[in-house]
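Structure first, commentary second.
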Amino acid sequence: MRNYSGGPGYAVRAVHVAEPETEGMPLSTDMADIRGNLPYKEELEGVVAHGDIFFTYYFKKPDSDEISEKLTYAKLYKPFNWIVCTGIYTNDMEVIIQKREDDFRSAFKDQIISFARIISIMALLYAVLMIFFERHLTGMVNGFILKLKDDETALREEKNKLDDAYKELERVAYYDFLTGLLNRRAMYERLEKEFSRAQREGLQFCLVLADIDHFKVVNDTYGHDAGDVVLQSIAEIFQNNIRQEDCASRWGGEEFLILAISCGLEDGLSLAEKLRKAVEDTPIRIGAAIINVTITLGVVEYTKGKSFSTLIKEADFYLYEGKRQRNCVMSSSGTAKEPLE
């Protein structure tokens, strides 16, 4: 290659097996075959654009005056400025294809004959075996069927064990062992999905972050087992007072996080107040003693433009603002003590 833009002398023929006398001859993209095609131009444009190209043109056959269509493949080796080409005349391809078809038909016919012989021998052998070993074969088949049934039963039992093990792993991975609520990891994944859905579809939701008031006093007075009973009781109250589409989690320690789906701030405050009142009105039995506990809740509403981390921080902020007086619901609208209609 001398000039990738083409034109007279754009390249020099280095090697030509069929016409060695043309080696060293300058080439031109203006050269046309008998049909008016510009093969060198088509070749150059193709390899420059794609690195290689298949194309056809008309060229004289070796040792003949016949001009025939030729299918050619050309590839550019840019580091060497070489274009290497090879090709075959289309009428030669037809001869090769016809020979391959004839060879295939002959081989196929031989295969059919061989298969017919094999099938005949197998049929005869099968008949002999059936006559002499019918009982033995029947016993083997029945035994095999019974084994398959036993294996199927064993596999089904193993599958059931695996299903149970998977459910147990899922429970351990996504549910708090003490309260049965979603754990922090599972709730975090659920929140991320709801946050993405709200951003995508323009939906509302609220986060309600709750904390048990004076929980340390309960532990110090009645023991940590009593604290566990309180956590379980409040988790049950939450489950009984949220909607089916909402979800509650143990966020950490004595904190709980509730996700209220398709819920604005007013409805979120109503839900939080409902939970606060339900906990306040439910006595909890600790051995022979009965105690009452209260909770404080922070409510935040998702609005367009808020980030996921901002929502969590706001809920935490409102919760700890409410902890100043305890047994209340706190949000951006202030403190709510009574349920909002």
Subset of the stretch 253-288 that is of a type in the set (S, T, N, Q) and surrounded by fewer than 15 Cβ atoms within 10 Å (Cβ to Cβ) - its residue that is nearest to A210 (Cα to Cα):
T282
Selection within the stretch 279-312 - modelled with pLDDT of 95 or more and under 17 Å from S249 (Cα atoms)
V279, I295, T296, L297, G298, V299, V300
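Within 45 Å of the chain's Cα centre (by Cα) and in a helix (DSSP H, G or I): which single residue out of E94, E42 fits that description? Steps first, answer last, please.
On the way: E94 fails: within 45 Å of the chain's Cα centre (by Cα).
Answer to the selection: E42.
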Considering only residues that are surrounded by 16 or more Cβ atoms within 10 Å (Cβ to Cβ) and of a type in the set (D, E), look in the stretch 211-252 and name the one that is farthest from E194 (Cα to Cα).
D213
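Out of all the residues in the stretch 139-151, is one or more within 30 Å of the chain's Cα centre (by Cα), surrounded by 10 or more Cβ atoms within 10 Å (Cβ to Cβ) and either of a type in the set (A, V, I, L, M, F, W, C) or not in a strand (DSSP E or B) (or both)? Quick ask: steps written out before the conclusion?
Kept after step one, since they are within 30 Å of the chain's Cα centre (by Cα), are these residues of the stretch 139-151: none.
So far as the stretch 139-151 goes, no, none of its residues is within 30 Å of the chain's Cα centre (by Cα), surrounded by 10 or more Cβ atoms within 10 Å (Cβ to Cβ) and either of a type in the set (A, V, I, L, M, F, W, C) or not in a strand (DSSP E or B) (or both).
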Subset of the stretch 32-51, residues out of contact with any Pro (no Cβ under 7 Å at 6 or more places or on another chain), of a type outside the set (S, T, Y) and surrounded by 13 or more Cβ atoms within 10 Å (Cβ to Cβ), comes to A32, N37, L38, P39, K41, E42, E43, L44, E45, G46, V47, V48
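Please state which one of S270, S262 is of a type outside the set (V, I, T), in contact with a Pro (Cβ under 9 Å, 6 or more places away or on another chain) and touching a residue at least 40 places away in the same chain (Cβ under 8 Å). Show your work before the answer.
Numbers: S262 fails: in contact with a Pro (Cβ under 9 Å, 6 or more places away or on another chain).
Going through S270, S262 in turn, the sole match is S270.
The values are calculated or read from the model by the stated rules, or taken from the named source; none is laboratory data. Treat the numbers as computed from the prediction; the structure is a model and nothing was measured. We place every Cβ from the backbone using ideal geometry, glycine too, and count neighbours over all the protein chains shown.
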